[in-house]
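The values are calculated or read from the model by the stated rules, or taken from the named source; none is laboratory data. Everything numeric in this text was worked out from a predicted model, so none of it was measured. All Cβ positions, glycine included, derive from the backbone under ideal geometry; neighbour counts span all protein chains shown. Side chains included, ligands, DNA and RNA excluded: accessible areas come from the protein's heavy atoms. Shrake-Rupley method; radii C 1.70, N 1.55, O 1.52, S 1.80 Å.
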Amino acid sequence: EAQVTQNPRYLITVTGKKLTVTCSQNMNHEYMSWYRQDPGLGLRQIYYSMNVEVTDKGDVPEGYKVSRKEKRNFPLILESPSPNQTSLYFCASSLSGTGLFIFGQGTRLTVV
Amino acid sequence: SQQGEEDPQALSIQEGENATMNCSYKTSINNLQWYRQNSGRGLVHLILIRSNEREKHSGRLRVTLDTSKKSSSLLITASRAADTASYFCATSLAAGNKLTFGGGTRVLVKP
């Protein structure tokens, strides 16, 4: 089944403790991106990747890192999480040129 | 700032009625998409309409696009309780590139 898989689905962590949210897609999509969703602010793009080893900042990249060493994986790294990064995170992928995005099920992160 | 703004922010209707929500955006686009999100869960792609299209149908969904007014509407006909969800429009400036989302419309369909 074609899908985008995020892990973990839920995470509670403490301020400053590095964490990684994984994202994997099985559709050979070139384009992958991360969004965060906050009440009243909708979904905002954090980082995106056009292909392997090609990443760029979205609208709200501060406090986040990404890497794209393989086509299927696009992990989101929070080196030193802070409470303002408490949010619902979504990974998405797309076959370039189609405009059709597949979203993961989301990761609800709480930083205390 | 958000590219898309949706109206209304919330909508409550009876099962069987139609639900209409609107989306306005600011810049020229390649395509506009509508997504559904059940409470706190993932986004499900509903329909994509390209900038050279004016109307598109998918089952009980009808989407219109007016590029001169920079607006789109999503109509759900004969709504069901299972249609209760938040609906988001998202615009893309180029095929395969970044999606910019609106704030969403929360739809409640009462049985």
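Listed here are the strands (runs of 3 or more DSSP E) enclosed by the stretch A:58-112 that have at least 3 residues being surrounded by fewer than 21 Cβ atoms within 10 Å (Cβ to Cβ): A:107-111. The condition of being within 14 Å of the chain's Cα centre (by Cα), modelled with pLDDT of 95 or more and assigned to a strand (DSSP E or B) does not hold for B:L108.
To keep it simple, each residue is scored yes or no on (1) within 14 Å of chain A (Cβ to nearest Cβ); (2) touching an Asp or Glu at 6+ places or on another chain (Cβ under 6 Å).
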{"position": "B:K69", "(1), (2)": "no, no"}
{"position": "B:S72", "(1), (2)": "no, no"}
{"position": "B:L75", "(1), (2)": "no, no"}
{"position": "B:D83", "(1), (2)": "no, no"}
{"position": "B:G102", "(1), (2)": "yes, yes"}
{"position": "B:R106", "(1), (2)": "yes, no"}
{"position": "B:V109", "(1), (2)": "no, yes"}
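Right, A:S87: within 11 Å of chain B (Cβ to nearest Cβ), under 30 Å from B:T105 (Cβ atoms) and small (G, A, S) or not? For A:S87, the condition - within 11 Å of chain B (Cβ to nearest Cβ), under 30 Å from B:T105 (Cβ atoms) and small (G, A, S) - is not met.
Can you confirm whether A:T98 is free of Cβ contacts under 8 Å to residues at least 12 places away in the same chain and within 14 Å of chain B (Cβ to nearest Cβ)? So A:T98 passes the test. Among the residues of the stretch B:1-28, the one identified as within 10 Å of chain A (Cβ to nearest Cβ) and either β-branched (V, I, T) or open to solvent by less than 10 Å² (accessible area, probe 1.4 Å) (or both) is B:G4. Selection of the stretch B:37-59 for residues being assigned to a strand (DSSP E or B), open to solvent by 50 Å² or more (accessible area, probe 1.4 Å) and within 11 Å of another protein chain (Cβ to nearest Cβ) yields B:V44, B:H45, B:R50. Does the stretch A:1-27 hold any residues that are of a type in the set (S, T, N, Q) and either assigned to a loop (DSSP other than H, G, I, E, B) or modelled with pLDDT under 95 (or both), and which are they? A:Q3, A:T15, A:N26, listed by residue number.
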